[in-house]
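Student: Okay, handing you the structure first.
The values are calculated or read from the model by the stated rules, or taken from the named source; none is laboratory data. The structure displayed is predicted, hence computed values, not measured ones. No Cβ is skipped: glycine too gets one built from the backbone with ideal geometry, and neighbour counts run over all protein chains shown. SASA here: full protein model, heavy atoms, side chains in, ligands and nucleic acids out. Shrake-Rupley method; radii C 1.70, N 1.55, O 1.52, S 1.80 Å.
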Amino acid sequence: METSASYQSYISSMQNYQTTQGRKNYQEPFANKFEEIYNQAQDADINLKNAKDFLQNLSSAELHTLQKYSGLAQAIDVDVISAEGAYNLLMHDNEQYDFNNDGIAEVGISKHMLPIPTTMPVDVRDAYIKAMNSLDDKDKLMSMMLTFDMGHLQSQLEGTPYKPKTVDYDYLSSRVDSILNPKPPAFTSEKTKESIRAFWEAFEASYTGDKTKTQETQEDSAVAKFLNDLTTKGAAKFLADFNMEKIQAKIDEFRKKLEEQMGDSPQAVQEIEKMIEDYTKQLLEELQESLDSGKEEKPGTADAIIKSILKMKVDNPAKPLEELLSS
């Protein structure tokens, strides 16, 4: 097993994380055979360097067990998976990890978000796990939207490398507030609000760290840069029609509907993630079209006024996120 300090710290906390009953029920028929393979992997001192070699020596029946236990739709082709994908196939759910720090955990060829981000500080992580364990499956699945990293959207939109965001207390607090108090035209259903309130009450009761807001969080810093970029890209129409919160609200609402309709089986989760990815790309394409179709604004037009206001806000003490959402 991998022995880096960050990985060991993460899985130490994850041993306490309770997965949904739906996931447990799905894996149960394959659990005994999986444990046999898992124990063989541990005896072989499995790690990122030798995981693929280990898989190459397994029988087709054993690979089938890994496929079913992990909830993969297609048979495992060892030649096409990464070292991370190979290693995570041989681990329990709470031992899987994002080793290349791209915000996504590879399991075989599948890519999915971990239930607990690897960038979450230890004190926040432990309180988060305790809070999630106190929820029923419906509220737990709904609350997972809180850790979605908007940096993925921003990196795709700007065509820049993804930079992992620290999912700390400030980040969670901001996400909770945006869901419980959405700014029009964003909307949050009452069922979603109930789930998020249940999580936040449990989290606040468990978290003992510093709850003081910093003057400028990493979220604000990222948005400040985004604001600056927008002022130079002819993006007034983008600000008027699509801001980051509106995009996130659309994605959250879409995810909620899919989870209510499709459930939480491994196959459903994998299909939901693919549908979310496609929907995100659709939104980004719409945004890009709005940027590409923008023309030089004439003085006095609404777009020109918005851009002028943005330029005037350089010395404004208001927080960048507030500036963007109030535009």
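Student: Only residues that are assigned to a loop (DSSP other than H, G, I, E, B), touching a residue at least 24 places away in the same chain (Cβ under 8 Å) and either surrounded by fewer than 22 Cβ atoms within 10 Å (Cβ to Cβ) or touching a strand residue (DSSP E or B) at 6+ places or on another chain (Cβ under 8 Å) (or both): list them for region 102-114, please.
Tutor: Within region 102-114, ASP102, GLY103, ILE109, MET113 qualify.
Student: Of everything in region 269-282, what is open to solvent by less than 50 Å² (accessible area, probe 1.4 Å) and in contact with a Leu (Cβ under 8 Å, 6 or more places away or on another chain)? Give them in sequence order.
Tutor: Those that are open to solvent by less than 50 Å² (accessible area, probe 1.4 Å) and in contact with a Leu (Cβ under 8 Å, 6 or more places away or on another chain): ILE272, ILE276, THR280.
Student: Quick check, is THR166 hydroxyl-bearing (Ser, Thr, Tyr), without any contact (Cβ under 8 Å) to a residue 40 or more places away in the chain and under 30 Å from GLY85 (Cβ atoms)?
Tutor: Against the criterion (hydroxyl-bearing (Ser, Thr, Tyr), without any contact (Cβ under 8 Å) to a residue 40 or more places away in the chain and under 30 Å from GLY85 (Cβ atoms)), THR166 does not qualify.
Student: To continue, here is another question. Quick one: how many residues across region 30-54 are assigned to a helix (DSSP H, G or I) and free of Cβ contacts under 8 Å to residues at least 24 places away in the same chain?
Tutor: Counting residues in region 30-54 that are assigned to a helix (DSSP H, G or I) and free of Cβ contacts under 8 Å to residues at least 24 places away in the same chain gives 7.
Student: Would you please name the residue that is most open to solvent (accessible area, probe 1.4 Å), looking only at residues in region 1-22 that are over 22 Å from GLU84 (Cα atoms) and either assigned to a helix (DSSP H, G or I) or without any contact (Cβ under 8 Å) to a residue 12 or more places away in the chain (or both)?
Tutor: Ranking the qualifying residues of region 1-22, first place goes to GLN21.
Student: For region 48-81, how many residues meet the condition of being open to solvent by 40 Å² or more (accessible area, probe 1.4 Å) and closer than 19 Å to TYR7 by Cα?
Tutor: Qualifying residue count for the region: 3.
Student: Would it be correct to say that ALA240 is over 23 Å from GLY22 (Cα atoms), under 15 Å from the mean Cα position of the chain (by Cα) and either at pLDDT below 80 or crowded, with 16+ Cβ neighbours inside 10 Å (or both)?
Tutor: Spelling it out, it is not the case that ALA240 is over 23 Å from GLY22 (Cα atoms), under 15 Å from the mean Cα position of the chain (by Cα) and either at pLDDT below 80 or crowded, with 16+ Cβ neighbours inside 10 Å (or both).
Student: Separate question: Quick one: which of ASP177, ASP170, ASP149 is open to solvent by less than 60 Å² (accessible area, probe 1.4 Å), among the charged types (D, E, K, R) and part of a helix (DSSP H, G or I)?
Tutor: It is ASP170.
Student: Same structure again: Give the residue that is nearest to ASP136 (Cα to Cα), with candidates limited to residues of region 181-201 that are open to solvent by 20 Å² or more (accessible area, probe 1.4 Å) and part of a helix (DSSP H, G or I).
Tutor: Looking at the filtered set, the residue picked out is ALA198.
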